[in-house]
Amino acid sequence: MAQWACVSAANLSCQATIVNTQKQRNSPGCDALSFKGSEFMAQSCRFSSPQAVYRRPRNGVCPLKVVCVDYPRPDLDSTANFLEAAYFSSTFRASPRPTKPLKVVIAGAGLAGLATAKYLADAGHQPILLEARDVLGGKVAAWKDSDGDWYETGLHIFFGAYPNIQNLFGELGINDRLQWKEHSMIFAMPNKPGEFSRFDFLEVLPAPINGIWAILKNNEMLTCPEKIKFAIGLLPAILGGQAYVEAQDGLSVKDWMRKQGIPDRVTTEVFIAMSKALNFINPDELSMQCILIALNRFLQEKHGSKMAFLDGSPPERLCAPIVDHIQSLGGEVRTNSRIQKIDLNNDGTVKSFVLNNGSVIEADAYVFATPVDILKLLLPENWKEMPYFKKLEKLVGVPVINVHIWFDRKLKNTYDHLLFSRSPLLSVYADMSVTCKEYYNPNQSMLELVFAPAEEWISCSDSEIIDATLKELAKLFPDEIAADQSKAKILKYHVVKTPRSVYKTVPGCEPCRPLQRSPLEGFYLAGDYTKQKYLASMEGAVLSGKLCAQAIVQDYELLAARGIKTTLAEAAAR
């Protein structure tokens, strides 16, 4: 774990680092952005008043130097899941070099598309990655405003239970960009405004004992009888393994809890917050499979639930190194390259991708790594009734809103960690001026908050969303924030709306998730909605990209022969 913004007494044996808090500013971006026709919309607003003046430190002036505790990276490299993911990565580098590298065009430069391109390049092929917008990252995209401050599509947390993500960081040589936090889960207490309840995982205990200990030691959220009933209810999942977990896809969290005889208060106290954090919806809608997958990873791996924040913006600190790697191996990454149409051959296979600017790109293989909603919009008519694509109709992106608020002072009632708000409107939040090195500010707080469920709010104005957020923050910070701003003043804010984010994991979705290899020769899918063993998450996106790249590498002979046939047919036609 890495804490760059304050002195922590949680681990006094950790190394101390001196951090210069004077931020280095790059060229300013837009103060307000709107992406027409995209799945993302971003807005911003600035306040200017005598009571709230936003002043940047003068050049060359360092107002404060702060000694920070830097939590070390946990021991992930020896875990079975990490080793499995590491071996998977190695198969691309070790695969025989192709006589004629495949040209593979990939639509969508989110983590799924970036991972697909990265591992294809590792295997000796030539990916061409196309991104519709001028920013990389997809659901981890971020933008810089005119002050040089970043605002993001979402609040992104990197768990120890993300072996493919963790391997990716290691392969790129950027492990030091993850700031690991203490091994805890921290929940706000709605009935005790301003107070928090913690689940602390002891470092000396193995899994799952450390998780059981964390639950047993917390007496503020669940009573002893509730914990016992919850533990008994979970026994079938623990004993039944993955087969049992997948079989629960037909039940919502709420229905499964009642079926297992677990009190409703367990759902209210814990799983409303977890459901909104995992899929931005409430437990009466979320498939229980989603919760069980998370619990399995968090409880079965010692460091599974340990969290890290990226030390800066995802496009610069994560996406850019992937792009550099792809390009160093001969691949291409093009922004502002939106797909207008999938052009087909007479046999129904892909002939080319046609872009909005009229250019045509032909390749040996084609990948769609966009969100499922965008894929469905661009599906050719004669594909839509094919069972492989027909079942995608049930997979629909869930709306989510990410809110960033800069205050005129340093808020005290917070932690250097992710916090579960347990608010009816807010999911999780963090004071990014404390948790993230690049966003660090010793004098002012910037709260980044996930507003969910957002379906009823996605069409509301930014000011309405901010007003509602402030009312909830007044409960979390009763001594520091008031809805009328009579206490902490808002200096500025950004609201980022994603009308269609990760697919809505409602009961019955699992059979609808497609394999990465489509029934159409030369056409593949990547994305966290495709079939893989993790959730709709960053880990799921990266794993889907690896599985997609694997399918293409395995199909090399077929695809190479297909390319030769196409070339011969074109020559004959001339």
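Coupling constants for segment 419-427 follow from the phi torsions by the Karplus curve (6.51 cos²θ - 1.76 cosθ + 1.60, θ = phi - 60°), and in residue order they are 10, 8, 6, 6, 8, x, 10, 10, 9 Hz; glycine and proline get x. If the chain linking Val360 and Ser328 were pulled fully straight, counting 0.36 nm for each residue of separation and taking away their Cα-Cα distance, it would gain 9.1 nm.
Hydrophobic long helices, here whole DSSP H runs in the chain with Kyte-Doolittle means of at least -1.0 and Cα atoms spread over 15 Å or more along the helix axis, are found at 80-94, 111-122, 224-247, 288-300, 462-476, 538-554, 556-573. For Cys509, the amide hydrogen comes within under 5 Å of no other amide hydrogen, counting only partners 5 or more places away or on other chains and with H modelled in the peptide plane.
Treating the beta-carbon of each Lys and Arg as +1 and of each Asp and Glu as -1, no other charges, what is the dipole magnitude of the chain about its Cα centre, to the nearest 20 debye? For this selection, approximately 320 debye.
Within the same chain, aspartates and glutamates fewer than 8 places from Lys390 are excluded, and of the rest, those with a Cα less than 20 Å from its Cα are Asp249, Asp343, Asp347, Asp373, Glu381, Glu510, Glu521, Asp528.
When the chain is fully extended, how far beyond the present Cα-Cα distance does Lys531 get from Asn175, taking 0.36 nm per residue of separation?
Working it through step by step, the gained length comes to 125.4 nm.
Computed over segment 215-265, relative contact order equals 39 percent, with contacts defined as Cα pairs under 8 Å that lie 6+ residues apart.
Taking amide H atoms as placed 1.01 Å from N in the peptide plane, the amide H of Leu426 lies under 5 Å from those of Ala452, each 5 or more residues away in sequence or on another chain.
For the cross-link pairs Lys475/Lys533; Lys376/Lys546; Lys227/Lys487, which exceed 32 Å when the distance is taken from alpha carbon to alpha carbon? Those over the limit are Lys475/Lys533; Lys227/Lys487. Amide H to amide H, with H built 1.01 Å from N, Lys351 comes under 5 Å of Asp343, Leu344, Asn345, counting only residues 5 or more places away or on other chains. Between Ile238 and Asp255, residue separation times 0.36 nm minus the direct Cα-Cα distance comes to 4.3 nm. Relative contact order for the chain: 22 percent, from Cα pairs under 8 Å spaced at least 6 residues apart, divided by residue count. Ranking Thr91, Gln289, Leu114 by how far each Cα lies toward the positive end of the dipole of the chain (charges on Cβ) leaves Leu114 at the top.
Consider all pairwise Cα distances in the chain and report the whole-number % of them above 30 Å. Please list the in-between numbers first.
On the way: 85649 of 164451 pairs.
In whole percent, the long-distance tail amounts to 52.
When the pairs Lys103/Lys531; Lys229/Lys254; Lys276/Lys391; Lys351/Lys531; Lys412/Lys489 are compared against a 18 Å limit on Cα-Cα distance, Lys103/Lys531; Lys276/Lys391; Lys351/Lys531 fall above it.
With all protein chains present, how much of the accessible area of the chain (probe radius 1.4 Å) comes from carbon and sulfur, to the nearest whole percent?
Details: 12720 of 23250 Å².
Carbon and sulfur atoms account for 55 percent of the accessible area of the chain.
If a spin label sat at a point 7 angstrom from the Cα of Tyr87 along the line to its beta carbon, no backbone N atom of segment 226-249 would be nearer than 17 Å. From the largest down, segment 207-305 spans 32, 26, 24 angstrom on the principal axes of its Cα atoms. Projecting the Cα atoms of Asn218, Leu278, Pro263 onto the charge dipole of segment 207-305 (Cβ charges, centred on the Cα centre) puts Asn218 farthest toward the positive pole. Solvent-accessible surface of segment 207-305, taken per residue with a 1.4 Å probe and all protein chains present: 43 Å². Dipole orientation for the chain: of the candidates Leu344, Phe298, Asn382, Leu344 has the Cα lying most toward the positive pole (charges on Cβ; Lys, Arg +1; Asp, Glu -1). Remark: relative contact order (segment 207-305) = 34 percent; criterion is Cα-Cα distance under 8 angstrom and separation of 6 or more residues. Over the chain, dividing the summed -39,500 (n - 2.57) contributions of all DSSP H runs of at least 4 residues by the number of residues returns a 222 nm mean residue ellipticity of -9000 deg cm²/dmol.
Please find the FRET efficiency linking Lys412 to Glu464, where r is the Cβ-Cβ separation and R0 is fixed at 22 Å, and quote it to the nearest 0.05.
Details: r = 28 Å, r/R0 = 1.27.
Calculated transfer efficiency: 0.20.
Across segment 542-556, the residues whose backbone nitrogen lies under 18 Å from the label position 7 Å along the beta-carbon direction of Glu246 are 543-544, 547-548.
The values are calculated or read from the model by the stated rules, or taken from the named source; none is laboratory data. Because the structure is a prediction, the values reported are computed rather than measured. We place every Cβ from the backbone using ideal geometry, glycine too, and count neighbours over all the protein chains shown. Side chains are part of the model used for accessible areas, which takes the heavy atoms of the whole protein and leaves out ligands, DNA and RNA. Shrake-Rupley method; radii C 1.70, N 1.55, O 1.52, S 1.80 Å.
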